[in-house]
Amino acid sequence: MIRKKDIAKLTDSELVSLAKKKSRHFGLLYDKYFEQIFRFVFKRLGGKEYIAGDLTQQAFIKAMANLHKYEDRGFPFSSWLYRIAQNEVSMYFRSQKKVFTVEINENQLSSIVNEAQIGNYMSSEEQEQLIAMMNDLEQEHLDIIELRFFQEMSFKEIADIYSISEASAKMRTYRILEKIAKKWNEKQ
């Protein structure tokens, strides 16, 4: 029998091992990660709380059902959960045939402009053109831009979600920004 005070000391690997042996222990992982996965889904849905709750729940159900397939490859367990949650959100949008929109504030757009080295000042019309250009990116590239600039995740957090190294996450992000800059310069 595991005592409550001992549970707090367990690593994710130990919690996963326990949950693989007895599914009732999956609740420990659920309790630990529900809030952050919910916030991630909630932001992706643009603040739709009811749907975010359902999709988060569905992500945890899938995680529990597939826990036997999970292998520790040196990335945090949470990255596996984020990936499942991201897939749930993508499937939701496909099933609803809805376009995913992200509210973009001027600071976030300025960050992209600066990082892509497009320029310093953009008119409202140019900002709209840039947003339209970003909407034409393939989904994974758009997801990476969203995670980095709109959800303000670190390269480490992005790397964990995609199960890649931090250097790879940074490289992918900057390649996408280069692609945006190249398209922007071709249009000008």
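What follows draws every value from the coordinates through simple rules; no lab data is involved. Predicted model only: the values in this text are computed from it and were never measured. Note: ideal-geometry Cβ built from the backbone for every residue, glycine included; neighbour counts use all protein chains shown.
The distance between label points at Y50 and N135 comes to 2.7 nm (points 7 Å beyond Cα on the Cα→Cβ vector).
Projected label points at S111 and M171, each 7 Å from Cα along the beta carbon direction, are separated by 2.3 nanometres.
I'd like the FRET efficiency for S23 and M91, computed as 1/(1 + (r/R0)^6) with the beta carbon distance as r and R0 of 22 Å, rounded to 0.05. Kindly include the intermediate steps, with their values, before the conclusion.
Numbers: r = 24 Å, r/R0 = 1.08.
Between S23 and M91 the formula returns 0.40.
With the charge dipole of the chain set up from +1 on Lys and Arg Cβ and -1 on Asp and Glu Cβ about the Cα centre, the Cα lying farthest toward the positive end among the listed residues S168, L29, W80 is that of L29. For the chain, complete DSSP H runs whose alpha carbons reach 27 Å or more along their own long axis and whose mean Kyte-Doolittle score is -0.5 or higher are 77-96. Put in line by how crowded their Cβ is, counting other Cβ atoms within 10 Å and starting with the fewest, K182, K170 read K182, K170.
Among K20, K9, what is the fewest-to-most ranking by other Cβ atoms within 10 Å?
Details: K20 13, K9 7.
Ranking K20, K9 by Cβ neighbours within 10 Å, fewest first, gives K9, K20.
One entry in (i) 1.18; (ii) 1.00; (iii) 2.18 is Cα Rg over 2.2 N^0.38 Å calculated from the shown coordinates; its label is (i).
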